[in-house]
Every structure is written in structure tokens, then in C-alpha cells.
Amino acid sequence: MARLVATLWVRSCPGVSLLFPSCYGVARAAATKGEAIAATVARVPGRRNRPGYPGKMATTSDPKPPALDLGETELASFGRRLLGLLIDWLAATLVASFLVDSLARNPWPQLAVFVLAQAFFVGLFGQTPGMAVVRIRCVSITDGGAVGIPRALLRAALLALLIPAMISDGDGRGVHDRVAGSVMVQNKPKT
């Protein structure tokens, strides 16, 4: 480990190159009948020619993932969504109270903390701490995964306006969820 840390600052990072040789050259693979036979790394000046990844890389045969079926998914109830939102708002208030002297005179940090926390947690993990407490998740309607930070930031900004959240469709999705392409679902119990 000490050798690796010591070599990270040397020109061209030889310590990292030894760990990940295929990252520091052009990998070429020859394939016959769908099976990878060999993969080699093109010669990099000043480096030994090391073999690359010999196997087949994992790919999907279907480039477009299946859409989330709302008919088979248990959607989150209004009560759970509201309780999760209140828990997140209280957490944002607590964090913002450390940033400013008085939230009564300057409430904007509270809203900024709320929007940024919503965007970070929903975008990367699919749920905020408040959503985790009430066992709900915000997932992408296209594939059922996390929505990503840009769409989560848009969703959080619209949620902060409050009016889009009050306008919902038959599935209970507010305008902020429809614009972001997300839906609130209940967590499945672990078996």
C-alpha cells in the first residue's frame, strides 16, 4: 500500500498502471463466434505490454430496459408520502439552524438544504432518510431504479414550490413526479 501511495505522484502513475493495465492503453479483442479469444493492450511507450481482460464483457442483449408496470407495483399512500416529507423537512430545518442565526429572519437556507438533500438522496439512493423511515422509495418509471441527480433536482425544485405536489393524477403522482419521470412506491419487505 505504501508503494502504491508513493507512486501515485510519480509521472504517469506507474503504481496505478500496474493495478489497472487495461485502463492505460487501447484494448483490442479478437472474437470468434461470439466468444472472446484474446484481448491485448496496445504497447504504451515506457511500459511493459501486459494482457488486458481476457473474457467477454458483460452486456445486455436488450438495449432498452423494461418500463415499470404501475399495475403490479404497490404505490405509496398519501399519508406515508406526507410523513416522509415532514421528517425530511424537520431534518432540513435542523441542519439549516446550524447555518444561520435565525431561521425566522432568513428561511431560505432551510429551503436550500431541503432541495439539495432531496436531490442528492433521491437521485443517488432513491429515498431520503424520511422516506426510509416510512418505507417508501422514489423510483424511475422507466426502469424502477434511482432517478439520477439532474431529474431529482428538478423534482425537488418543483416539490419546493408545493403547488405541483398538490396536483396529482389517478396514480397519486404529482406534477413534480410526472415531470421527473418518477413514482413513489412502497418498499418490498425483505424475505
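The values are calculated or read from the model by the stated rules, or taken from the named source; none is laboratory data. Note that this is a predicted model, so its numbers are computed, not measured. Cβ coordinates were reconstructed from backbone atoms using ideal geometry, including for glycine residues, and neighbour counts include every protein chain displayed.
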Selection from the stretch 119-142 of residues that are in contact with a strand residue (DSSP E or B) (Cβ under 9 Å, 6 or more places away or on another chain), farther than 12 Å from R81 by Cα and of a type in the set (S, T, N, Q): S140
Can you name the residue in the stretch 152-191 that is among the acidic types (D, E) and in contact (Cβ under 8 Å) with a residue 24 or more places away in the chain and, of all such residues, is nearest to V139 (Cα to Cα)? D177
Out of the stretch 162-191, which residues are under 16 Å from R81 (Cα atoms), out of contact with any Pro (no Cβ under 6 Å at 6 or more places or on another chain), outside any loop (DSSP other than H, G, I, E, B) and of a type outside the set (S, T, N, Q)? I163, P164, A165, M166, D177, R178, V183, M184, V185
A119 closer than 24 Å to A96 by Cβ, free of Cβ contacts under 8 Å to residues at least 12 places away in the same chain and either surrounded by 18 or more Cβ atoms within 10 Å (Cβ to Cβ) or touching a Phe, Trp or Tyr at 6+ places or on another chain (Cβ under 9 Å) (or both): no
Quickly run through the stretch 136-172 and pick out the residues that are of a type in the set (K, R) and surrounded by fewer than 20 Cβ atoms within 10 Å (Cβ to Cβ). R151
Among L111, L124, L154, L99, which is the only one that is farther than 22 Å from S77 by Cβ and modelled with pLDDT under 90? L99
